Amino acid sequence: MLRSPAAAVPDEALIAGQWRRGAGAPAETVDPATGLVLATVHAVSVAEVDEAAEGAARAAADPAWRSLLPHLRARLLHRTADLIDESAEHLAALQTADTGKALTETRALVASAAGTFRYTAAALETAEEAITPSRGDYVTMSRYEPIGVVGAINPWNSPVASDAQKLAPALAGGNAVLLKPAEWTPLVSLALGRLITRAIGELGLPAGLLSVLPGRGSVVGDAIVRHPLTGKVTFTGGTDTGRTIAHAAAEKLMPVSLELGGKSPTIVLADADIEQALAGVMFGIFSSSGQSCVAGSRLFVARELYDSFVGRLVERVEELRVGPGTAPDTQVAPLVHHKHRDSVAAHVERARGEGARVLCGGSVPPGDAYRDGAYYLPTVLAGLDNTSLTCQEEIFGPVLVALDFDGEEDLVRQANDSVYGLACGIWTRDHRAAWRIARRIDAGTVWINTYKQFSITTPFGGLKDSGLGREKSRDGIRAYQRQKSLYWGTSDAPLPWAN
Ligand code: NAP
């Protein structure tokens with residue numbers, strides 16, 4: 001089979017500071033724009049997960065890391081950010097090749113990854129131990145200490161950004177990390193691992209601080225979660241997998257944070273700025289080809305506006321440019337993998353069976369240019385009820401269902417009728433209505449007159465089946481630490497049982 005030039009990443013895992021080929025089974029990673037094999041990456045074995053966990057535990061306990069003052073620990077994050085910037089074009093091209101995403105998007109994700117390391121470094125440098133108010137002749141202090149070994153498990157949709165979102169605060173917290181990338185997209189995590197290894201070496205820090213362990217989730221991921229030395233797992237991925245991990249964590253009484261799936265409502269009120277809402281609704285679902293946890297996949301339009309808005313929306317969606325991620329004008333790039341494209345197509349077939357009308361899309365694009373890639377046309381469905389399976393299950397592809405509502409009560413009832421609670425968009429000129437609705441919607445993030453904007457300063461996470469815990473913000477580091485309280489006696493008076 002032909003090899004893509006992006007196969008510059010050696011087939012090596014990072015195991016407790018050592019780069020070497022994993023002893024597990026090989027897996028091919030494919031460029032979804034062409035169907036060509038990019039690289040073969042051997043999984044690590046369960047024995048190698050053991051080795052990595054032991055190396056991580058040693059590194060986490062090493063005074064050269066554990067006793068480092070926060071501003072010195074922050075140097076690792078600053079250096080990583082600089083190295084990401086220096087390799088930005090390579091990382092973006094690699095992520096485009098491995099995930100199919102448009103280069104415009106992967107460039108922004110790489111820049112955000114560097115920003116995440118820098119912001120977290122600054123948060124670490126300025127973090128303070130809390131002296132707490134006391135109620136006696138003692139001083140009390142609440143300290144934050146490292147957990148030790150953190151398992152970080154990520155999905156395939158935005159590896160560079162999700163890796164940074166976990167690695168930066170986990171390292172800042174004084175831990176060592178076992179990172180498992182998705183089997184379909186290991187290349188960016190391995191490339192990032194090379195940069196961090198370089199920074200670790202330059203700063204003379206313990207080599208086992210980071211392991212990058214490719215392989216199947218049910219084997220390598222499971223071994224990381226269940227390992228006795230793993231003290232916390234931070235997971236991003238599907239709700240079913242998150243639940244499996246939470247069960248395993250419960251047995252160990254280990255903390256987990258879970259960033260899971262979504263089926264987010266995007267709401268257009270009758271007074272919305274129509275042009276802004278059209279652009280925002282399209283971007284909310286069709287950017288990243290819908291492979292975004294926060295994708296606005298259920299569109300609720302005020303009944304009086306429904307026909308005209310959805311009519312215009314369909315015209316605009318039909319104009320979206322579908323193409324390879326490397327083409328500068330591509331708006332909708334291929335899906336991550338042919339198998340995932342087939343799963344999206346199966347969802348649309350099932351929607352037809354549920355009585356959906358396909359207003360546009362609903363198939364792979366015609367033409368030779370799209371023959372070998374994992375393409376699927378941006379699709380708008382109508383004629384379904386919010387209780388249909390199509391509206392209740394996450395599709396994770398470029399598929400939008402248009403629904404209507406009659407008044408605020410009906411809107412809130414339908415929007416909240418979902419097991420998920422990740423995100424929501426509201427398009428309106430009425431700031432009071434936006435405020436009222438935003439407070440009533442079950443979602444970890446609500447965007448008003450914007451969508452899919454992210455700031456590292458702002459906590460992110462889900463409600464209900466969309467997850468547990470929050471990432472990002474200054475407090476993000478605390479999620480990777482244990483809190484310990486100290487009491488310091490200051491009184492000369494005898495203690496209660498003193499003679
Ligand atoms: P997934 O199947 O749950 O996989 C996510 C990761 O977990 C992969 O690395 C996977 O390995 C691993 N894994 C699978 N089974 C495991 C197990 N038993 N123990 C430990 N690890 C295991 O999810 P996906 O299909 O890759 O990603 C799509 C999902 O991620 C969607 O539901 C999406 O909404 C969600 N997501 C959520 C957020 C958020 O922030 N809320 C962000 C992005 C994506 P393999 O690669 O071998 O399967």
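What follows draws every value from the coordinates through simple rules; no lab data is involved. All values reported here derive from a predicted model rather than from experimental measurement. Here Cβ is always computed from backbone atoms with ideal geometry, including for glycine, and neighbour counts include all displayed protein chains.
Can you work out the FRET efficiency for the pair E128 and V419, with r the C-beta to C-beta distance and R0 = 41 Å, to the nearest 0.05? Walk me through the numbers before you get to the answer.
Details: r = 39 Å, r/R0 = 0.96.
With R0 = 41 Å, the Cβ-Cβ based efficiency is 0.55.
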*Based on DSSP, what percent of beta bridges with both residues in the chain are antiparallel, to the nearest 5?*
45 percent
*Starting from the Cα gyration tensor of region 282-322, take the square roots of the eigenvalues, sort them a ≥ b ≥ c, and report rounded, prolate or oblate (rounded when a/c is under 1.5, otherwise prolate if a/b is larger than b/c, else oblate).*
oblate
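I'd like the antiparallel share, as a percent to the nearest 5, of DSSP beta bridges with both residues in region 265-448.
15 percent
At a Förster distance of 25 Å, what's the computed FRET efficiency of A270 paired with T457, Cβ-Cβ distance as r, to 0.05?
0.15
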*Amide H partners (placed H, <5 Å) of L359, local residues excluded*: V380, L381, A382
_Calculate the FRET efficiency for T40 and D342 from the Cβ-Cβ distance with a Förster distance of 35 Å, rounded to the nearest 0.05._
0.95
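Let me make sure I get this right: for the chain, a, b and c are the square roots of the gyration tensor eigenvalues over alpha carbons, sorted descending. Under 1.5 in a/c it's rounded, otherwise prolate if a/b > b/c, else oblate. Which is it? Walk me through the intermediate numbers first.
Values: a/c = 2.14, a/b = 1.35, b/c = 1.59.
Note, shape of the chain comes out oblate.
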_Please list 3J(HN,Hα) in residue order for region 420-428, calculated via the Karplus relation 6.51 cos²θ - 1.76 cosθ + 1.60 where θ = phi - 60°; whole Hz, with x for glycine and proline._
8, x, 9, 8, 7, x, 10, 10, 6
*For Y138, enumerate residues with amide H under 5 Å from its amide H, sequence gap 5+ or separate chain, H modeled in the peptide plane.*
T490
_Amide H contacts under 5 Å for S257, placed H, 5+ residues apart_ = V233, T234, F235
*All other residues with a Cβ under 11 Å from the Cβ of A168 taken together, and with Lys, Arg as +1 and Asp, Glu as -1, what is their net charge?*
+1
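Taking the DSSP beta bridges in region 366-499 as the whole, what percent of them are antiparallel, to the nearest 5? Could the numbers behind the result be given before it?
Values: 3 of 10 bridges.
The antiparallel fraction comes to roughly 30 percent.
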_From the phi angles alone, apply the Karplus equation (6.51, -1.76, 1.60; θ = phi - 60°) to region 78-91 and give each ³J(HN,Hα) in whole Hz, x where the residue is Gly or Pro._
4, 5, 4, 4, 5, 5, 5, 4, 5, 9, 4, 5, 5, 5
*Modelled label-to-label distance, L203 and D307, 7 Å Cα→beta-carbon offset: nm?*
6.3 nm
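Please give the contour-minus-distance gain from A25 to D475: 0.36 nm per residue of separation, less the Cα-Cα distance, rounded to one decimal in nm. Could you put the intermediate results ahead of the total?
Numbers: separation 450, 0.36 × 450 = 162.00 nm, distance 3.88 nm.
Net length gain for the segment: 158.1 nm.
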*Dipole of the chain, positive end: most advanced residue of G425, Y376, N386 [Cβ charges, Cα centre]*: G425
_For region 45-93 and region 294-351, distance of Cα centres in Å_ = 39 Å
*In sequence order, what are the phi-derived ³J(HN,Hα) couplings for region 128-137 according to the Karplus relation 6.51 cos²θ - 1.76 cosθ + 1.60 with θ = phi - 60°, rounded to whole Hz, with x for glycine and proline?*
10, 6, 8, 8, 9, x, 10, 10, x, 8
_Computed helical MRE - 222 nm, the chain, DSSP H runs ≥ 4 contributing -39500 (n - 2.57), nearest 500_ = -12000 deg cm²/dmol
*Tell me, in nm to one decimal, what length is gained between N449 and R436 on full extension, where the rule is 0.36 nm per residue of separation less the Cα-Cα distance?*
3.2 nm
_Centre separation in Å (Cα based) which lies between region 354-396 and region 96-157_ = 37 Å
